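Trainee: Below you will find the structure I want to go over with you.
The values are calculated or read from the model by the stated rules, or taken from the named source; none is laboratory data. A quick note: this is a predicted structure, and the numbers were derived from the prediction, not measured. So basically every Cβ, Gly included, is an ideal-geometry build from the backbone, and we count neighbours across all protein chains shown.
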Amino acid sequence: MPHDKTNQPPAGAPHEDDVVLSTRVRLARNLRDFPFPARLSAEGRQKVAAQVRAAAAAAEDAIGPLQWIDMARLPRVKAISMAERRVISAEFACQSPQSALLLRNDEALSIMLCEEDHLRIQALCPGLALSAAFALADAADTALGKHLAYAFDDHLGYLTQCPTNLGTAMRASVLLHLPALAALGRVARLSESISKLGLTIRGAFGEGSDAEGALFQLSNQVTLGITESQALENLQALTLQIAEQERRARADALKDPQWENKVWRAYGILKYARFLESGDALKLLSYVRMGAAGGLLPVSPAVVSTLMTALQPATLALSRAADDPATRDLARAEMIREALS
Amino acid sequence: MQCQQCKQREATTHIQRVVNGQAEEFHLCAACARESGLINEFAAPPFFNLSDLFSGFLGSSLRQAPAALAPAQRCGFCGSTLHEITQSGRVGCAACYNTFREVLEPTLARIHGALEHAGKTPAADPAVHARKQKEQALAALREQIAQAVQSEDYEEAARLRDEIRRLEGTQEEGGNDHAA
């Protein structure tokens with residue numbers, strides 16, 4: 001099998017990216033002297049925004065320059081595309097009254113203002129990179145915290161609008177591609193060991209009959225009484241374990257002519273199709289990604305991962321100037337053909 | 001596996017939760033998971049529909065709550081009532097956690113299985129540092145008092161008790177200062 005543990009990825013390349021697409025760490029923070037967002041007046045929102053903006057400017061040496069984006073002025077399609085790229089939450093993209101976003105140029109660091117909490121500090125990295133993502137979010141939090149009076153309680157930790165988040169107020173998650181385990185129905189069985197570690201797993205996309213594209217999100221659930229590093233260690237350990245199981249299941253699957261057929265068939269359709277609906281495309285790309293990671297197809301898994309995001313409706317509408325669904329299906333097929341040829 | 005909610009689609013969201021030693025498993029499809037609020041990863045999982053959770057949990061806490069904390073009592077800072085918090089599943093502000101602490105804590109313990117923060121503390125908050133020190137001093141005094149009582153040194157125990165009262169008094173002031 002092409003994935004060899006001793007064969008470390010070259011420096012700078014994402015880790016475990018045959019199975020792990022990306023890693024995200026979010027920290028929720030609130031300002032002590034303002035009501036939480038649900039009870040915050042318009043005037044209060046402006047004051048919170050002004051304080052955070054000033055703090056980000058003062059902390060620029062530590063966290064680098066961040067772009068200030070007034071969400072009310074951002075076209076909706078751009079906001080939704082950001083959510084598709086996992087830069088902001090879907091709720092924040094559609095939120096009313098609208099708020100502001102602080103964003104680093106490479107989109108690895110973002111701070112949503114007055115989403116469910118006053119600040120949601122997010123770090124996003126490709127592949128499995130829990131330490132790096134946490135370090136980025138943590139550094140931003142520490143730098144901003146020098147200029148902001150956070151709502152904090154000795155016993156309850158960082159206070160949040162929703163009591164399920166208080167304590168570390170950290171949600172770390174990895175986006176996993178599990179086509180073989182999902183086909184074997186083994187994702188459900190994993191949930192037991194997952195819950196023992198205070199973690200949870202769910203389908204990342206789709207409302208249809210299965211997790212579209214076999215993409216799953218694994219994240220920590222418990223936030224009080226556990227340190228950030230313990231929660232991250234649990235998540236790391238389980239991610240590696242699941243990745244190993246998925247690799248073994250893929251290796252077995254690809255020996256089966258039926259599976260091999262599914263992979264080549266998906267590749268053939270994607271290479272020549274003229275219309276592709278997004279759910280359909282995601283499903284086919286999932287097979288192609290598996291074949292690519294297994295060395296069966298002449299495509300790199302990274303290209304397929306990029307396509308999985310690029311084919312989403314708003315992102316596609318922006319990149320290909322395709323506004324209505326029919327034009328998008330045409331543009332989607334064209335984009336995928338280009339990438340695979 | 002079938003979604004246990006709609007009993008039609010394939011379950012793709014799997015969660016197991018242990019509350020007070022009782023394990024519960026949930027297998028939901030994406031649509032039902034989304035409907036129940038799970039789509040926001042920060043939100044409570046569906047079976048923890050917060051208003052239900054809080055009505056249920058807080059309901060039992062409320063019955064044992066001191067009369068001073070009636071459901072209509074308002075937070076001095078943001079004006080939230082316990083009733084509103086119960087209904088919305090959202091706490092109004094940081095001060096609410098102090099105002100309604102007695103009622104909220106048993107509920108929080110049931111959600112998290114713990115009541116003591118173990119993680120990061122704000123870097124530049126001397127007030128937090130002072131509070132932590134006070135707390136440690138109080139814990140030490142309480143231990144001494146137990147020892148004094150055990151060795152029947154009641155004079156010493158009384159002295160320690162006054163010391164604890166003095167310390168606790170200053171903590172109360174410090175704890176409420178931003179609610180005023």
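Trainee: All but one of (1) in a helix (DSSP H, G or I); (2) crowded, with 19+ Cβ neighbours inside 10 Å hold for A:Thr306; state the number of the condition that does not hold.
Mentor: (2)
Trainee: Sort through A:Glu338, A:Glu334 and tell me the only one that's among the acidic types (Asp, Glu), surrounded by fewer than 16 Cβ atoms within 10 Å (Cβ to Cβ) and either at pLDDT 95 or above or closer than 30 Å to A:Met82 by Cβ (or both).
Mentor: Details: A:Glu334 fails: surrounded by fewer than 16 Cβ atoms within 10 Å (Cβ to Cβ).
One residue alone meets the criteria, A:Glu338.
Trainee: Does any residue of region A:97-112 turn out to be crowded, with 21+ Cβ neighbours inside 10 Å, within 20 Å of A:Asp141 (Cα to Cα) and acidic (Asp, Glu)? So that I can check it myself, show each step before the final result.
Mentor: Initially, region A:97-112 is screened for residues crowded, with 21+ Cβ neighbours inside 10 Å, giving A:100-102, A:109-112.
With the extra rule that they be within 20 Å of A:Asp141 (Cα to Cα), the set shrinks to A:100-102, A:109-112.
Subsequent filtering for residues that are acidic (Asp, Glu) retains none.
Looking through region A:97-112, none of the residues is crowded, with 21+ Cβ neighbours inside 10 Å, within 20 Å of A:Asp141 (Cα to Cα) and acidic (Asp, Glu).
Trainee: Only residues that are in contact with a strand residue (DSSP E or B) (Cβ under 8 Å, 6 or more places away or on another chain) and more than 30 Å from A:Cys162 (Cβ to Cβ): list them for region A:214-266, please.
Mentor: Within region A:214-266, A:Ala243, A:Glu246 qualify.
Trainee: Within region A:243-254, does at least one residue satisfy the condition of being assigned to a helix (DSSP H, G or I), acidic (Asp, Glu) and surrounded by fewer than 16 Cβ atoms within 10 Å (Cβ to Cβ)? Explain how you work it out, then say what you get.
Mentor: Our first condition is that a residue be assigned to a helix (DSSP H, G or I); within region A:243-254, this holds for A:243-254.
Add one more test, that the residue is acidic (Asp, Glu), and what stays is A:244, A:246, A:252.
Cutting the leftovers down to surrounded by fewer than 16 Cβ atoms within 10 Å (Cβ to Cβ) gives us A:244, A:252.
Scanning region A:243-254, I find at least one residue that is assigned to a helix (DSSP H, G or I), acidic (Asp, Glu) and surrounded by fewer than 16 Cβ atoms within 10 Å (Cβ to Cβ), so the answer is yes.
Trainee: So, A:Gly145, is that one touching a Lys or Arg at 6+ places or on another chain (Cβ under 9 Å), facing chain B (nearest Cβ under 9 Å) and over 21 Å from A:Gly225 (Cα atoms) or not?
Mentor: On the way: touching a Lys or Arg at 6+ places or on another chain (Cβ under 9 Å): yes; facing chain B (nearest Cβ under 9 Å): yes; over 21 Å from A:Gly225 (Cα atoms): yes.
When the stated conditions are applied, A:Gly145 passes them.
Trainee: Another question, if that's okay. Condition check: within 13 Å of another protein chain (Cβ to nearest Cβ), in a helix (DSSP H, G or I) and at pLDDT below 95. Does A:Gln217 satisfy that?
Mentor: Details: within 13 Å of another protein chain (Cβ to nearest Cβ): yes; in a helix (DSSP H, G or I): no; at pLDDT below 95: yes.
Spelling it out, it is not the case that A:Gln217 is within 13 Å of another protein chain (Cβ to nearest Cβ), in a helix (DSSP H, G or I) and at pLDDT below 95.
Trainee: From (1) free of Cβ contacts under 8 Å to residues at least 12 places away in the same chain; (2) surrounded by fewer than 24 Cβ atoms within 10 Å (Cβ to Cβ), pick out the condition that doesn't hold for A:Ala180.
Mentor: All conditions are met except number (1).
Trainee: Can you find, within region B:86-107, the residue that is nearest to the other protein chains (Cβ to nearest Cβ) among those that are in a helix (DSSP H, G or I) and under 19 Å from A:Leu31 (Cβ atoms)? First the steps, then the outcome.
Mentor: Going through region B:86-107, the residues in a helix (DSSP H, G or I) turn out to be B:86-88, B:94-99, B:101-107.
Next cut, under 19 Å from A:Leu31 (Cβ atoms) only: B:94-99.
Details: B:Ala94: 3, B:Ala95: 8, B:Cys96: 8, B:Tyr97: 6, B:Asn98: 8, B:Thr99: 12 Å.
The selected residue is B:Ala94.
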